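Worksheet: one structure, shown below.
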Amino acid sequence: MNEMKSFLPADTAFDHAGARLTIDLGAIVANWKDLCRLSGKARTAAVMKANAYGLGAVEVGLALAAAGCRDFFVATPEEGSRLRLVAPQARIFVLNGVWRGVEGPVLTDGLIPVLGSMEQYAFLRKIAPDHSYALYVDTGMNRLGLTVAQAALLAADPAMKPSLVLSHLACSDEPRHPMNQRQCESFREVTGLFAGVESSLCSSGGIFLGPDYHFDLTRPGISLYGGEAVIGMQNRMRPVVKAEARILQIRNVETGEFASYGAAHRFERASRIAIVGAGYADGWQRALSGAGTALRQNGSSGACGFIVGERVPLIGRITMDLTTFDISHIPEERVRTGDYVELFGPNINLDEAAHAAGTIGYEMLTSLGQRYARRYA
Ligand SMILES: *Cc1c(COP(=O)(O)O)cnc(C)c1O
C-alpha cells in the first residue's frame, strides 16, 4: 500500500478528512462486464498500470479477479509483483518489458514481460529461455515495440512461441482518424505471421471501433475507471470516483477585496466564500484555478465544485492544501463548515474537471495525491 497510514480508525478518518475519495468497486466491475459485452468474441483484460489509474491496484485487482478477470496489464515489474499478491492465478503482462536489474520479480512472480525491442528479446532468451513472454509490435505510434520487419524475422523461427502478440493504437480516441485503419491492417499482417498465437490491439477507445479491431483480447483501462475514451462520444461508463474536500471555513468578503495568492481575484460584489481542504498537493492541479488568475491565458473558466445541488465556481489560485469556492448564491443555512464540496464525481464529470485544467481524465486520476482518505464501496 502506498497510501499514507492514518492515525485514526478508518471510518473516523474518512468522516472527518480534509479531502476524501469514494471509490466504487462495484462500478468498476460493472464497467468491466459492459466492456466484455462490447468486446464480443474477444476476452477482456484489465489495465492496472500506475496503481490502477491511481485507484488502488490491490482493491481493484481483488474485485476484478473475483469477477472473473484473468488477464491484467501493468507498466512495471514492481506493479506486477504487487498485483500478484491478490491475483495468484492471473496472467500479468508487464508492458514496459524486462531489462537487467528487474528480472528478479519478473521470474519469481511469474510475470509475462511484453518485449518491445530486440534487445529485450535477446536478454530474456539469454537469462530464462523458457519463461513466458509477449511481443509488442509497433504499427505506427513509434513508442515501444518491435518493427513489423523485426517481428517477421522472429516469426520465422519455428521455436517462437509468445503468449500474446500485441500492438497499440495511437488515435483510438478519434474514431475517424485514418491511423486506426492503417494500424489495424498492419497488425493483421503481423498476426498472420504468428498462427495460433493470441493477439491484442485495443485499449478502451479501440473497443468502440468495432469487431474488426477486437482480435482475441481487449485491454481497457480508462473505461473501467469511468473516464472518457472517445472524444465527442457520450461516455456510458459508470462514474467510479468521487473526490470531495471539506469546508474548513466560510467567510464573508466585501467588494474590492481579494482572494488567495497574487491577489489575482478581486471581488466585484460582496460575497461568501468557502475554503476547502484540498489543493495541488492532492493532485487538484493548480491549473484548475479560474480565469481571473494570471495562470490561464486561454480564457477557460477553470473548475467548479458541487454542493447541495449547486455548482460553485472556484476562485483565486489553488494553493498547496486549500481551494476557495464562491458560495454566494447558496442560501446561508444550506452550507456549513464541515460539509463537503464535490471536486469531481457523479455531479461533476471527471473529464470536465480535467479539461478545465487543460488535461485528460487519465492524468487527473493518476495524479490523485496520497493525502485523501479513501473509502471503497
Ligand atoms: C495504457 C494502455 C492501455 C489502456 O489504455 P486506455 O486508453 O486507458 O484504455 C492499453 N494498452 C497499452 C499498451 C497501454 O499503454
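Across the stretch 202-221, the qualifying residues are those that are assigned to a loop (DSSP other than H, G, I, E, B) and either touching a strand residue (DSSP E or B) at 6+ places or on another chain (Cβ under 8 Å) or among the hydroxyl-bearing types (Ser, Thr, Tyr) (or both), and the one among them that is surrounded by the fewest Cβ atoms within 10 Å (Cβ to Cβ) is Asp216.
Does Ala263 satisfy being surrounded by 19 or more Cβ atoms within 10 Å (Cβ to Cβ) and either out of contact with any Pro (no Cβ under 9 Å at 6 or more places or on another chain) or not acidic (Asp, Glu) (or both)? Spelling it out, it is not the case that Ala263 is surrounded by 19 or more Cβ atoms within 10 Å (Cβ to Cβ) and either out of contact with any Pro (no Cβ under 9 Å at 6 or more places or on another chain) or not acidic (Asp, Glu) (or both).
If we scan the stretch 177-191, do we find a residue that is farther than 19 Å from Met141 by Cα, open to solvent by 10 Å² or more (accessible area, probe 1.4 Å), modelled with pLDDT of 95 or more and among the small types (Gly, Ala, Ser)? No: the stretch 177-191 contains no residue that is farther than 19 Å from Met141 by Cα, open to solvent by 10 Å² or more (accessible area, probe 1.4 Å), modelled with pLDDT of 95 or more and among the small types (Gly, Ala, Ser). From (1) buried (at least 17 other Cβ atoms within 10 Å of the Cβ); (2) modelled with pLDDT of 95 or more; (3) in a loop (DSSP other than H, G, I, E, B); (4) at negative phi, pick out the condition that doesn't hold for Thr255. In the conditions (1) buried (at least 17 other Cβ atoms within 10 Å of the Cβ); (2) modelled with pLDDT of 95 or more; (3) in a loop (DSSP other than H, G, I, E, B); (4) at negative phi, Thr255 misses (1) alone.
Could you list, in sequence order, the residues of the stretch 231-252 that are touching a strand residue (DSSP E or B) at 6+ places or on another chain (Cβ under 7 Å) and open to solvent by 60 Å² or more (accessible area, probe 1.4 Å)?
Lys242, Leu248, Gln249, Arg251, Asn252
Restricting attention to the stretch 284-310, the residues that are closer than 21 Å to His355 by Cβ, open to solvent by 10 Å² or more (accessible area, probe 1.4 Å), at pLDDT 80 or above and assigned to a loop (DSSP other than H, G, I, E, B) add up to 2.
For the stretch 192-226, name all the residues that are among the polar types (S, T, N, Q) and either away from the ligand (no atom under 16 Å from the Cβ) or within 23 Å of the chain's Cα centre (by Cα) (or both).
Ser200, Ser203, Ser204, Thr218, Ser223
Screening Gly205 against (1) closer than 30 Å to Gly345 by Cβ; (2) in contact with a helix residue (DSSP H, G or I) (Cβ under 7 Å, 6 or more places away or on another chain) leaves a single unmet condition, (2).
Name the residue that is nearest to the ligand (Cβ to nearest atom), counting only residues in the stretch 37-69 that are farther than 17 Å from Gly206 by Cβ and in contact with a strand residue (DSSP E or B) (Cβ under 6 Å, 6 or more places away or on another chain). Ranking the candidates gives Met48 first.
Inspect all residues belonging to the stretch 19-41 and state whether any of them is open to solvent by less than 10 Å² (accessible area, probe 1.4 Å) and among the aromatic types (Phe, Trp, Tyr). No, the conditions are met nowhere in the stretch 19-41.
Within the stretch 148-172, if we keep just the residues that are closer than 15 Å to Phe194 by Cβ and among the hydroxyl-bearing types (Ser, Thr, Tyr), the residue that is most open to solvent (accessible area, probe 1.4 Å) turns out to be Ser163.
Looking only at residues in the stretch 227-247 that are part of a loop (DSSP other than H, G, I, E, B) and under 30 Å from Gly277 (Cβ atoms), the one that is nearest to the ligand (Cβ to nearest atom) is Gly227.
Among the residues of the stretch 107-147, those identified as part of a loop (DSSP other than H, G, I, E, B) and either loosely packed, with under 14 Cβ neighbours inside 10 Å or within 13 Å of the ligand (Cβ to nearest atom) (or both) are Gly116, Pro129, Asp130, Asp138, Thr139, Met141, Asn142, Arg143, Leu144, Gly145.
The values are calculated or read from the model by the stated rules, or taken from the named source; none is laboratory data. No experiment lies behind these values; they were computed from the predicted model shown. With ideal geometry, Cβ positions are generated from the backbone for all residues, glycine too; neighbour counts draw on all protein chains shown. Please note that ligands, DNA and RNA were not included when accessible areas were found on the heavy atoms of the full protein model with its side chains. Shrake-Rupley method; radii C 1.70, N 1.55, O 1.52, S 1.80 Å.
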